[in-house]
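S.K.: Just dropping this structure here.
The values are calculated or read from the model by the stated rules, or taken from the named source; none is laboratory data. Predicted, not measured: the structure shown is a model, and the values here were computed from it. As a convention, Cβ positions derive from the backbone with ideal geometry for all residues, glycine included, and neighbour counts pool all protein chains shown. Just so you know, the surface numbers come from the protein's heavy atoms only, side chains and all, with ligands and any DNA or RNA stripped out. Shrake-Rupley method; radii C 1.70, N 1.55, O 1.52, S 1.80 Å.
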Amino acid sequence: MPMSVNAPESSAQGLGSVLSSFERPITVLVTGASRGVGLAFVRRLAAEPGVRRIWAGCRNPAAAAELAALAEADDRIRPLGVDVTDEARLASAARSVAMEAEPLDMVINCAGVLHEPEGMQPERRLAEVRADWLMRSFAVNGAGPLLLARHFEALLPRRERAVFASLSARVGSISDNRLGGWYAYRGAKAAQNMFMKTLSIELARRARGIVCVALHPGTTRTDLSEPFRGSVPEDKLFSPERAAEQLLRVLDGLGSSENGGFYAWNGEKIPW
Ligand SMILES: NC(=O)c1ccc[n+]([C@@H]2O[C@H](COP(=O)([O-])OP(=O)(O)OC[C@H]3O[C@@H](n4cnc5c(N)ncnc54)[C@H](OP(=O)(O)O)[C@@H]3O)[C@@H](O)[C@H]2O)c1
């Protein structure tokens, strides 16, 4: 069983490794790396001595100033154009990674959307449901991680440990749904959960060290949560750095027997 995690808020840099489960230096792909939890993953992974390369996937690398600054200071970080709704760009990104001829040991999908400026908003009631918002949420939060897997799966090692993780959300749990609302986000994250479970079964047939899981980061101080976190107490609201560190510790503690699960930031298994 994965361990319970309680990482201190300030432990993002220089306080020891959170990755001990790999036997050799690893290459990681993080999507949604322009900001929020994805950017924090890049920063935290760059503090790991055992990380050889970080592919930092984002829709518009030229506009991702914080990521560009990290990449400027550390040549292990490679910004990569990735839109999880665009198969041509996914294929081209996968070709760029394949050209390095090194296995992709870990993929962490952080691309996600809950609201957009002057666009999609989470619905409080049925009357607010809109077909275009349902499709948008499904494209990014539901189909996105599966299409990412479709294009990058061939780069995962077949014999050694490999991780394919996607940030879902606890609100995508059907059995945990007590408040209702947020139709497009909940429905698309529930679809993501099913895709991850189904993918975990197929990947385990050809990659014996695979850990393919859905993750819940906990409520984290990012643009995504900004309009909706008023009622969350300070001690339950994580910085992106803390969320990334906690999830890396959880991932590091998962083995093949946890393949196909849905795990929270503290290692707790979430019911579907
Ligand atoms: N924050 C929380 O409290 C919380 C709680 C539960 C689950 N989550 C999940 O955690 C993940 C990360 O969320 P966050 O809080 O870090 O959100 P965020 O700060 O809003 O960042 C979202 C990221 O997703 C990227 N993205 C959006 N659409 C994309 C697409 N089509 N292709 C590729 N990238 C795309 C964004 O890129 P651009 O910069 O190009 O827009 C951005 O990098 C999401 O899946 C979210 O649902 C977050």
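S.K.: If you roll a 1.4 angstrom probe over the protein chains with everything in place, what fraction of the accessible area of the chain belongs to carbon and sulfur, to the nearest %?
M.R.: Here carbon and sulfur together make up 54 percent of the probe-accessible area.
S.K.: Pick out which of T27, T198, T219 has the largest mean-square fluctuation in a Gaussian network model of the chain, springs linking Cα atoms closer than 10 Å.
M.R.: The residue with the greatest mean-square fluctuation here is T198.
S.K.: For the range 11-76, run through the GluC sites (Glu not before Pro) and keep only the ones in DSSP coil with at most 14 other Cβ atoms within 10 Å of their Cβ.
M.R.: E23
S.K.: From the mean inverse distance of alpha carbon pairs (Kirkwood) and the Cα radius of gyration, derive Rg over Rh for the range 139-272.
M.R.: Details: Rg = 15.0 Å, Rh = 15.4 Å.
Here the Rg-to-Rh quotient is 0.97.
S.K.: Using a simple charge model, +1 on the beta-carbon of Lys and Arg, -1 on the beta-carbon of Asp and Glu, nothing else, what dipole does the range 116-272 show about its Cα centre, in debye to the nearest 20?
M.R.: Result for the range 116-272 is approximately 600 debye, rounded to the nearest 20.
S.K.: Continuing with this model, one more query. With +1 on each Lys and Arg Cβ and -1 on each Asp and Glu Cβ, and nothing else charged, work out how big the dipole of the chain is about its Cα centre, in Debye to the nearest 20.
M.R.: For the chain, the charge dipole is close to 680 debye.
S.K.: Same structure, new question: If you count only protein heavy atoms with a 1.4 Å probe, what accessible area per residue comes out for the chain, rounded to a whole Å²?
M.R.: Per residue, the chain has 46 Å² of solvent-accessible surface.
S.K.: May I pose another question? Which length gain, in nm to one decimal place, applies between A62 and L237 when the Cα-Cα distance is subtracted from 0.36 nm times their residue separation?
M.R.: The A62-L237 span can extend by a further 60.0 nm.
S.K.: Please identify every one of the GluC sites (Glu not before Pro) in the range 103-188 that sits in a loop by DSSP and has no more than 12 other beta carbons within 10 Å of its own beta carbon.
M.R.: E118
S.K.: I'm checking a number: the convex hull volume of the Cα atoms of the chain, normalised per residue, in Å³. What is it?
M.R.: Convex hull volume per residue, Cα atoms: 126 Å³.
S.K.: Using just the Cα positions, wrap the range 75-144 in a convex hull and report its mean projected area in square nanometres, one decimal place. Before the final figure, lay out each step's value.
M.R.: Working: hull surface 25.9 nm².
Directional mean of the projected Cα hull area for the range 75-144 stands at 6.5 nm².
S.K.: A further question follows. Please report the spacing between the Cα centers of the range 117-137 and the range 174-217 in Å, no decimals.
M.R.: 21 Å
S.K.: How large is log10 I(q)/I(0) at q = 0.21 Å⁻¹ when the Debye formula is applied to the Cα atoms of the range 193-272, each weighted equally and without solvent?
M.R.: -0.94
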